[in-house]
Amino acid sequence: MQNSEQKPDQSLSKWRLVNLAFELGFIIALPLVGFGLIGKWLDEKFDTDPWLTLIAILIAIISTTIWLTKRIKELIK
């Protein structure tokens, strides 16, 4: 009977890991794509290629780091 009790916990744990993997993918990808596209658009508008794109990507990396740090702290609790 203990085996049947452990299986739901294990499947829940597996789904939680899958959810976490997708969430981390979005946390990393969304800011990079979003800020990168905004930076590219601003570069084309102001003819400053590639500086605003690079600044936007730097902002994306910083925001991703902050977002990941907060999420990891939540998971540790």
#### Entry: Gly34 touching a helix residue (DSSP H, G or I) at 6+ places or on another chain (Cβ under 8 Å) and in contact (Cβ under 8 Å) with a residue 24 or more places away in the chain
yes
### Task
Would you please name the residue that is nearest to the chain's Cα centre (by Cα), looking only at residues in the range 10-48 that are more than 18 Å from Ile76 (Cα to Cα) and of a type in the set (Ser, Thr, Tyr)?
Ser11
### Task
Select from the range 55-77 the residues that are surrounded by fewer than 13 Cβ atoms within 10 Å (Cβ to Cβ), more than 15 Å from the chain's Cα centre (by Cα) and part of a helix (DSSP H, G or I) and list them in ascending order.
Ile76
### Query
So is Asp9 at pLDDT below 90 and either assigned to a helix (DSSP H, G or I) or among the small types (Gly, Ala, Ser) (or both) or not?
yes
### Number of the condition not met by Ile59 [criteria: (1) of a type outside the set (S, T, N, Q); (2) touching a helix residue (DSSP H, G or I) at 6+ places or on another chain (Cβ under 7 Å); (3) at pLDDT below 95]
(3)
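The values are calculated or read from the model by the stated rules, or taken from the named source; none is laboratory data. Remember, predicted model here, so these are calculated numbers, not experimental data. No Cβ is skipped: glycine too gets one built from the backbone with ideal geometry, and neighbour counts run over all protein chains shown.
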